[in-house]
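Visitor: Attaching a single structure in structure tokens format; questions to follow.
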Amino acid sequence: MGFISSVIGAMAGLGGGTIIKPVLDFAGHYDLETIGILSASTVMAMSTMSLVLMKTTEEKVDFKVSLLIAAGSIIGGLIGKGVFNFYVVNLESADMIGIIQSGLLALLLIIIYVYFKLDRFVTSYKITNKVIIFSTGLLLGLLSAFLGIGGGPLNVAILALLFSMTGREAVINSTFIIFFSQFASLVLVTFTTSFQGIDLTMLPYMIIGGIAGGCAGNILLFRLSSKAIRSIFSLTILVIVLVNIYNLVKGV
């Protein structure tokens, strides 16, 4: 699961967590807190490997935009993870939060799917205002940390809409942002829960899968056409929407 999710995540900018979180939720073997750690750690491994390999390519990160979004996503990620921990750990409302996560993620992915199907009719922008860019990162970080997905599809859609990035450019910059947001999320968990009571026996295997998937996905990213990457992106989102709808119905 770590490998397949990371291959698609690195190749299509989905981050891997968008797949890992709902699929682990579907399997029903772990609680929400454990799923969040497994997902964040795997995505962190994938994004790290992808960024290391991307240094040798001609495609570069737009640091002017991505650093500001990353800074905002770190703060947003801390807030989102804090809200998640408060309700799941302190108030023990895991079932309610699980239903909210599945419903909100399904809704967001449907919007993103429709956007990429109709983007030729949508005007894209080239925003340069630093406050807006930072605020965008803040919102992305908050949503991705609360949902436990890493933010990949949200990042790709926003980067394409607000900054007129091509598919491949959006994937690369999304991976850069994901790295920082997941790092912040794991740091917060380390200092607030110290991973106590969390079943992490599968973590090493998922991290290895994330690293291997990051390598394979990065190779495919530069061998496939932008059209092929977009098709994989759309198909994966459609499948994950169905999984989230199932999780939502099951939870209710």
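The values are calculated or read from the model by the stated rules, or taken from the named source; none is laboratory data. Just so we're clear, the structure is a prediction, and the values are computed from it rather than from any experiment. All Cβ positions, glycine included, derive from the backbone under ideal geometry; neighbour counts span all protein chains shown. SASA here: full protein model, heavy atoms, side chains in, ligands and nucleic acids out. Shrake-Rupley method; radii C 1.70, N 1.55, O 1.52, S 1.80 Å.
Visitor: Within the stretch 206-213, is even one residue among the β-branched types (Val, Ile, Thr), touching a Phe, Trp or Tyr at 6+ places or on another chain (Cβ under 7 Å) and surrounded by fewer than 20 Cβ atoms within 10 Å (Cβ to Cβ)?
Guide: For the stretch 206-213, residues among the β-branched types (Val, Ile, Thr), touching a Phe, Trp or Tyr at 6+ places or on another chain (Cβ under 7 Å) and surrounded by fewer than 20 Cβ atoms within 10 Å (Cβ to Cβ): absent.
Visitor: Mind listing just one residue for me: the one in the stretch 33-53 that is farther than 23 Å from Leu138 by Cα and open to solvent by 10 Å² or more (accessible area, probe 1.4 Å) and, of those, modelled with the lowest pLDDT?
Guide: So the residue we want is Leu53.
Visitor: Still on this structure: State which residue is farthest from Ala157 (Cα to Cα) when the search covers only the stretch 235-244 and only residues that are of a type in the set (A, V, I, L, M, F, W, C) and touching a residue at least 12 places away in the same chain (Cβ under 8 Å).
Guide: Taking the candidates together, the pick is Val243.
Visitor: Among the residues of the stretch 9-27, are any polar (S, T, N, Q), part of a helix (DSSP H, G or I) and either modelled with pLDDT of 80 or more or touching a strand residue (DSSP E or B) at 6+ places or on another chain (Cβ under 8 Å) (or both)?
Guide: For the stretch 9-27, residues polar (S, T, N, Q), part of a helix (DSSP H, G or I) and either modelled with pLDDT of 80 or more or touching a strand residue (DSSP E or B) at 6+ places or on another chain (Cβ under 8 Å) (or both): absent.
Visitor: Filter the stretch 16-32 for residues that are closer than 11 Å to Gly148 by Cβ and of a type outside the set (A, V, I, L, M, F, W, C) and give the result.
Guide: Gly17, Thr18, Lys21, Pro22, Asp25, listed by residue number.
Visitor: Would you say Phe195 is part of a helix (DSSP H, G or I), at pLDDT below 85 and open to solvent by less than 80 Å² (accessible area, probe 1.4 Å)?
Guide: no
Visitor: Are there helices (runs of 4 or more DSSP H) fully within the stretch 63-150 with at least 3 residues that are surrounded by fewer than 23 Cβ atoms within 10 Å (Cβ to Cβ) and either modelled with pLDDT under 85 or touching a His at 6+ places or on another chain (Cβ under 8 Å) (or both)? List them.
Guide: Once the helices (runs of 4 or more DSSP H) in the stretch 63-150 are filtered for at least 3 residues that are surrounded by fewer than 23 Cβ atoms within 10 Å (Cβ to Cβ) and either modelled with pLDDT under 85 or touching a His at 6+ places or on another chain (Cβ under 8 Å) (or both), what remains is 63-85, 94-117.
Visitor: Now for a separate question. Only one of (1) within 21 Å of Ala106 (Cβ to Cβ); (2) not in a helix (DSSP H, G or I) is not met by Ile158, so which one is it?
Guide: Exception for Ile158: condition (2).
Visitor: Taking the stretch 220-234 as the region of interest, how many residues are without any contact (Cβ under 8 Å) to a residue 40 or more places away in the chain and either closer than 14 Å to Gly16 by Cβ or assigned to a helix (DSSP H, G or I) (or both)?
Guide: Of the residues in the stretch 220-234, 3 are without any contact (Cβ under 8 Å) to a residue 40 or more places away in the chain and either closer than 14 Å to Gly16 by Cβ or assigned to a helix (DSSP H, G or I) (or both).
Visitor: Would you mind stating whether Arg230 is more than 15 Å from the chain's Cα centre (by Cα) and either open to solvent by less than 50 Å² (accessible area, probe 1.4 Å) or closer than 20 Å to Asp31 by Cα (or both)?
Guide: Considered against the rule, which asks whether it is more than 15 Å from the chain's Cα centre (by Cα) and either open to solvent by less than 50 Å² (accessible area, probe 1.4 Å) or closer than 20 Å to Asp31 by Cα (or both), Arg230 comes out as no.
Visitor: Checking the structure you have, find out if any residue of the stretch 179-186 is within 26 Å of Ile35 (Cβ to Cβ), touching an Asp or Glu at 6+ places or on another chain (Cβ under 9 Å) and surrounded by 15 or more Cβ atoms within 10 Å (Cβ to Cβ).
Guide: For the stretch 179-186, residues within 26 Å of Ile35 (Cβ to Cβ), touching an Asp or Glu at 6+ places or on another chain (Cβ under 9 Å) and surrounded by 15 or more Cβ atoms within 10 Å (Cβ to Cβ): absent.
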